[in-house]
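Beneath this line is the structure, given in structure tokens, with notes to follow.
The values are calculated or read from the model by the stated rules, or taken from the named source; none is laboratory data. Quantities reported herein were computed from a predicted structural model and do not represent experimental measurements. For neighbour counting, all protein chains shown are included, and Cβ atoms are generated from backbone atoms with ideal geometry for every residue, glycine included. When the accessible area is computed, the model is the full protein with side chains, heavy atoms only, and any ligands, DNA or RNA have been set aside. Shrake-Rupley method; radii C 1.70, N 1.55, O 1.52, S 1.80 Å.
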Amino acid sequence: MIKELNLSYLAEHLPARPDDAHKGTMGTLCSITGSYGFSGAAVLSAKAALRSGVGLHYQVLPEKIYPVFASSVYESVCVPVRGNSPGTVAPADLDAIGNTIKRATAVLIGCGMGNTSATAEVLRAVVRQSDAPVIIDADGINALAAHIDILNGKKSTLILTPHVKEFSRLTGLAVSEISEHQAEVAREFSLNHPGTVLVLKSHRTYIAENGELYCNTAGNSGMAKGGSGDVLAGIIASLAAQGAAPLEAAAAGVHIHALAGDTAAERLGKTAMLPSDIIEALPAVFRRIEATKSN
């Protein structure tokens, strides 16, 4: 059975926010994202995570993009690392970020990192080290496609967020086959990779874990712009960091992202809206969820 997502689901599964909460009790997210030329991916995912309620956000990023990030996002704690000559986080940086990974209640990796051997090495180490859920997006998925054995070394649940073409590279299935049988291939992948949550993105997004399957039908074509996936990854990672179970964080994150996209489209139109407008629409969506909770 395929389960649908709605406001009632979000009200039930959104992490609790008690009156006596403080930043230390609302989750700690470590993001390893961005590279020279792709600082926007780090900015968008960080802003989305912060707007989605995480208490503390640590941003690991190459020194080359630190000025751009720090001048765009004020609420994150930056962890600049030397990186390598192309301006990406490198394996040599792992010792410097080990303590940040250890204190995190979720780790986001991949957005705008670059599809390089260095990304694959960093991803492998993070998956092996992290006791918290790891959300793998974009170039993290591309790195995983060439090193699928990384899935076998995980200490905690992984959340993968590929679009159809990335999923094709990950599995070897044709794009046409995935598009025609999206629900079936998502469920099968989840059964073949226990302890992994799959978010298979398309105009209808399917979320699967161990054969359990959700479908999101909200959202619109105005979201079909570079950067929307970074926003989604930040939302999911934020919810996971706050304590939502990985499947719930993924499913709720997808639907929140879609509702924010619909809100942005209503205000700005599908053609002109931007991924940053999805972030700006998040407060209205969370207010709707909170109102549903109180009824």
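Worth pointing out:
- Residue list for region 72-101, restricted to those being within 19 Å of the chain's Cα centre (by Cα) and within 19 Å of A240 (Cβ to Cβ): E75, S76, V77, T100, I101
- Pairs, first over 17 Å from A258 (Cβ atoms) in region 1-21, second of a type in the set (F, W, Y) and modelled with pLDDT of 95 or more, C-beta under 8 Å, six or more apart: none
- Residue match in region 36-45 (condition: over 28 Å from K225 (Cβ atoms), over 16 Å from the mean Cα position of the chain (by Cα), touching a residue at least 24 places away in the same chain (Cβ under 8 Å) and part of a loop (DSSP other than H, G, I, E, B)): no
- Among the candidates A265, A240, the residue that is out of contact with any strand residue (DSSP E or B) (no Cβ under 6 Å at 6 or more places or on another chain) and of a type in the set (A, V, I, L, M) is uniquely A265.
- Listed by first and then second residue, the pairs linking a residue in region 70-87 that is over 14 Å from G34 (Cβ atoms) to a residue that is of a type outside the set (D, E, K, R) and in a strand (DSSP E or B), with Cβ atoms under 8 Å apart and 6 or more places separating them unless they lie on different chains, are E75/H57; V77/L56; V77/H57; V77/Y58; V77/Q59; R82/P62.
- Selection from region 35-55 of residues that are of a type outside the set (A, V, I, L, M, F, W, C) and open to solvent by 20 Å² or more (accessible area, probe 1.4 Å): Y36, G37, S39, G40, K47, R51, G55
- Subset of region 99-158 that is polar (S, T, N, Q), part of a loop (DSSP other than H, G, I, E, B) and modelled with pLDDT under 95 - its residue that is least open to solvent (accessible area, probe 1.4 Å): T116
- Total residues in region 188-227 satisfying the condition of being in contact with a helix residue (DSSP H, G or I) (Cβ under 6 Å, 6 or more places away or on another chain) and open to solvent by less than 10 Å² (accessible area, probe 1.4 Å): the figure is 9.
- Residues (touching a strand residue (DSSP E or B) at 6+ places or on another chain (Cβ under 6 Å) and either in a loop (DSSP other than H, G, I, E, B) or open to solvent by 10 Å² or more (accessible area, probe 1.4 Å) (or both)) located in region 20-34: K23, T28, G34
- Enumeration of residues in region 228-243 that are open to solvent by less than 10 Å² (accessible area, probe 1.4 Å) and over 11 Å from I279 (Cβ atoms): A233, I236, A237, S238, L239, A240, A241
- Residue in region 62-75 that is surrounded by 24 or more Cβ atoms within 10 Å (Cβ to Cβ), touching a strand residue (DSSP E or B) at 6+ places or on another chain (Cβ under 8 Å) and farther than 19 Å from A132 by Cβ present: yes
- Region 270-290 residues that are at negative phi, paired with ones that are open to solvent by 50 Å² or more (accessible area, probe 1.4 Å) and not charged (D, E, K, R) (beta carbon under 7 Å, 6 or more apart): K270/S221; D277/L268
- Residues of region 229-279 that turn out to be in contact with a Leu (Cβ under 9 Å, 6 or more places away or on another chain), over 15 Å from I159 (Cα atoms) and among the acidic types (D, E), as a count: 1
- Only listed residue being under 15 Å from A11 (Cα atoms) and either open to solvent by less than 40 Å² (accessible area, probe 1.4 Å) or at pLDDT 95 or above (or both), chosen from L259, L268: L259
- Yes/no for Y9 being open to solvent by 10 Å² or more (accessible area, probe 1.4 Å) and more than 25 Å from R287 (Cβ to Cβ): no
- Filtering region 76-93 to residues that are open to solvent by 30 Å² or more (accessible area, probe 1.4 Å) and in a helix (DSSP H, G or I) leaves P91, A92.
- Of residues in region 271-295 being open to solvent by 60 Å² or more (accessible area, probe 1.4 Å) and within 17 Å of S52 (Cβ to Cβ), the one modelled with the lowest pLDDT: K293
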